[in-house]
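Below: one structure, written as structure tokens.
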Amino acid sequence: MFEIYTPGHNYLTDTLIMWGIVYIALDACDPTKSRVIGLGGRYRIVLEDFDESKFNAKLRDVISDLVNVDQLAGLIKTGKRRGLGKSVISDRLQVGLDNDTKNGVAAAIHEVLDSGLDLKVFAIDHIEKMKEGRLGKGLNLYIPFSGIYGKYLTSEHRYLDKPYNVCSGCILFSAIGFHAVMGIARKGGERIYSILGFDGEATLYDLSRLLRPIWYIKSEEILTRALRNNASLTRLGQVLVMYLEMPRDVREALPWVAWYMIMYSYDVGRTKRISGFQIFDLVPMRNIIERIEEEYDKLPRLIELLIDRGSIDKGGDEVINLLAEIALNRDLYGAFKTLRVLRSVIERIDEKKYGKLKKSLYGTLGASLASGLVKAVS
Ligand SMILES: [Zn+2]
């Protein structure tokens, strides 16, 4: 048995590191016996029949999916650390990260390739041992991997605007986690990130469903479309879209642990502003959607139609927000209100311009939606 602890930096970084390690470890252990235990934002990873040389081989493979290793070596020789990010080749990292973070990832990878990585440092006292943190040493833990920014209380009445530093292994596994499981919706320079974390225990085999087939592709595509059509979705509405548009077989096969979704926005352009960092408990949403889907199986289709421009013009986004609220509040009045607003949105859609959309939306209405909603809240 080989045991790994995520460091305990914060919910987001630890979740990224957990996914990064799981992604690499899958082929280097017995995934049906190995498991991850989530405990309030920190994870313990227990690997059975662990083969460290296989782990290292997979790690090298994945590193070469993240960066062009030869180009990185060439850039290092020129001595300009600010341009190292040019070697990044992973689509996910290219689309989802700002240039500073890409430089940081490349620098971390260089350090790991240069001096190696000892997995044993991921022990319960990692932060102290590696002298990490706001007053610590190492590489800057950039915002897309941490969600934190600005000034921090370091002692009573004293705020310091200091970077949070971590070791190269923390950056590398965060980047691998980001590459493997981060959902990224886009609108202009803004990125809306979503990632799933959990409390409880699950085997690596069960968790691997979230790695392949990749859960987020359709979700982020639908959310990106909604944003481009100027939908005003609440954060909860966005969570509903991301969750509901996961392939249903993936959703239903998720292990029964207490899942949460971490969602936040960041402008990767010049402003580099983070906004709306939130952690949502997915348990109530999962339960209620499951109950609705016992009666009515067109919810994802309904969402897709509601984010069409013709629907949004008439308040389709409001219906999504209402649905998301029901999933949280389980209130019967909310269920009736949702049905009423939905019907009124459909009735007001321009027949001439959006005839096909209108017809499809009528097609998703039906007694089973009403009974599914009512059953789910009662
Ligand atoms: Zn570290």
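When you scan segment 204-220, do you find a residue that is under 16 Å from Ala324 (Cα atoms) and touching a helix residue (DSSP H, G or I) at 6+ places or on another chain (Cβ under 9 Å), even just one? Within segment 204-220 (the criterion being under 16 Å from Ala324 (Cα atoms) and touching a helix residue (DSSP H, G or I) at 6+ places or on another chain (Cβ under 9 Å)), the answer is yes, since at least one residue qualifies. Of all the criteria given as (1) touching a Cys at 6+ places or on another chain (Cβ under 8 Å); (2) farther than 17 Å from Pro144 by Cα; (3) in a helix (DSSP H, G or I), the one not satisfied by Thr13 is (2).
Applying the condition of being part of a helix (DSSP H, G or I) and in contact with a Ser or Thr (Cβ under 9 Å, 6 or more places away or on another chain) to segment 115-129 and asking which residue is farthest from the ligand (Cβ to nearest atom) yields Ser115. Counting only helices (runs of 4 or more DSSP H) that sit completely within segment 194-246, those holding 3 or more residues that are within 19 Å of Leu12 (Cβ to Cβ) correspond to 217-228, 235-244. In the set (1) at pLDDT 95 or above; (2) in the same structural domain as Gly138 (by TED's automatic domain parsing), the condition left unmet by Lys162 is number (1). Among the listed residues Met242, Met261, identify the single one that is closer than 26 Å to Ile21 by Cβ, touching a residue at least 60 places away in the same chain (Cβ under 8 Å) and aliphatic (A, V, I, L, M). That would be Met261, the only listed residue that is closer than 26 Å to Ile21 by Cβ, touching a residue at least 60 places away in the same chain (Cβ under 8 Å) and aliphatic (A, V, I, L, M).
From the list Gly79, Gly83, the one residue that fits, being out of contact with any Lys or Arg (no Cβ under 9 Å at 6 or more places or on another chain), surrounded by fewer than 20 Cβ atoms within 10 Å (Cβ to Cβ) and on the phi > 0 side of the Ramachandran plot, is Gly79.
Could you tell me whether any residue of segment 14-28 is within 18 Å of Phe178 (Cβ to Cβ) and free of Cβ contacts under 8 Å to residues at least 24 places away in the same chain? Looking for residues that are within 18 Å of Phe178 (Cβ to Cβ) and free of Cβ contacts under 8 Å to residues at least 24 places away in the same chain, one finds none in segment 14-28, hence no.
The values are calculated or read from the model by the stated rules, or taken from the named source; none is laboratory data. Every value quoted in this text rests on a predicted model; they were computed, and no experiment measured them. Note that we place each Cβ from the backbone using ideal geometry, even for glycine, and neighbour counts take in every protein chain shown.
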